[in-house]
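The values are calculated or read from the model by the stated rules, or taken from the named source; none is laboratory data. The model shown is predicted, which means the values in this text are computed figures rather than measured ones. Positions of Cβ are generated from backbone atoms using ideal geometry, with glycine treated the same way; all protein chains shown enter the neighbour counts.
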Amino acid sequence: MKPAASPRRPPLLFLLATAFLFSIGMTLVFPVLPFIVAEYVPQVAHQATVIGWLSATFALLSFLSAPVMGALSDAYGRRPVLVLSLLGSAVGYLLFGIGGSLWMLFLGRAIDGLTAGGMSALFGYLADTVPEEDRGKVFGQVGAVVGAGFIIGPAIGGALSHISLSAPMFLAAAVCLLNMLWGAFVLPESLAPERRQRHFDAAHLNPLAQLRGVLALPSVRRLVTVSVLFMLPFTIMQTVLALLGRDVLHWGPAQMGTAFMVVGVCDIVAQGGLLPLLIRRLGERGVATLGLALGVLGALGLALLVWWPIPAVIYVSVILMAVGEGIFTASLSALLSLATPADAQGRVQGGAQSFNALAQVTGPLLAGPLYTRTGGSGTFGASAVLILVALGVLGLQNLTSSRGTAGAQQS
């Protein structure tokens, strides 16, 4: 067998389809999950707890697996890890669809979570094959597809539930298997053997050791810190936005559904349309700064809704936060790829995905008590402060980079 050579152009269709499947897998189950759980947990009072544990199982195992999957892709290539991740998702969906007992549901989500680190290999593949000047644009396209998955996933799940509650899971498993076969037999390997991590042993399978290694790089550590400081307020917004709309504007499910749809649409438009234009004008770091600034304005708008209770305020604020998150996330992925050595792309992208997953677990846990004690103004005021801190950390990163560049030029 010939050694794999890096392809000149990334097979974007496959990579975009894979990113779509990863995102749709997180949302496809939303409309049917309460009804599936109700078949095994007849006590209504316990159903929310079980649903929370199912979500936490997936998120926690994703947090632990992402850096390991990234390290495996650095050592053995991107393609095997992408194929393994798609296979794991297919098995997880299949087990969840078959069901039969509560532990089968947990097993299905656990297998899917353990192999969910394929996004780190996907970003590593893009870093291997996309020129530095184009990475922000391509990462934006991936982000737009992920946003589309978050919108389309629940719609597909709800439509297929008319056939059966298991139908969405079986469809997801079939599509994952088809994509896996395409990856196994068509996708070229992007990481040539001479560019791979040469030393790999059992210690590399320790996720905490991998995360420590990621944080050992100062520039990466600051960027990951900025990402977490923005992801926390964004997940808090997703968690309590429906409560804020109900309590302040007296909205029902239909109006809140429209607001969440706006979030997904803005994410697609921001990353798929606005991002390439902004990167040409501002560069990746400037776009990240703009995204954080928009996030601050959006959080402040939601904090002021209590004193200015009109629908336009919530829509404008949500649009600002969604656009800010969209352009920030894609530009940050590009900045991480530029700050990382070639043989550590998968590990670093996996570490960043892990910390974001941790923020997605922590955000909802913080959001409930914070909203209960301080209301919408306190919750989103605190969110604005967190994003301001992220702006400060990114500004410090900019200052450090500028000084380093100036010192190199003087020497």
Going residue by residue through the stretch 92-113, is there one that turns out to be within 24 Å of the chain's Cα centre (by Cα), within 28 Å of Asp128 (Cα to Cα), modelled with pLDDT under 85 and buried (at least 20 other Cβ atoms within 10 Å of the Cβ)?
yes
Hey, Leu61 surrounded by fewer than 24 Cβ atoms within 10 Å (Cβ to Cβ), under 26 Å from Val224 (Cβ atoms) and out of contact with any Leu (no Cβ under 6 Å at 6 or more places or on another chain) or not:
no
So Met104 ticks every box in (1) closer than 21 Å to Leu177 by Cα; (2) aliphatic (A, V, I, L, M); (3) touching a residue at least 60 places away in the same chain (Cβ under 8 Å) but one. Which box is left unticked?
(3)
With respect to Ala270, determine if the residue is under 15 Å from Gly381 (Cα atoms) and crowded, with 20+ Cβ neighbours inside 10 Å.
no
Criterion: without any contact (Cβ under 8 Å) to a residue 24 or more places away in the chain and either within 18 Å of Leu94 (Cα to Cα) or in the same structural domain as Leu87 (by TED's automatic domain parsing) (or both) - qualifying residue of Ile152, Ile163
Ile163
So which residues in the stretch 361-377 are among the β-branched types (Val, Ile, Thr), within 17 Å of Trp53 (Cα to Cα) and at pLDDT 75 or above?
Thr362
Just one of Leu290, Leu300 is within 21 Å of Val262 (Cα to Cα), out of contact with any Leu (no Cβ under 7 Å at 6 or more places or on another chain) and surrounded by fewer than 21 Cβ atoms within 10 Å (Cβ to Cβ); which is it?
Leu300
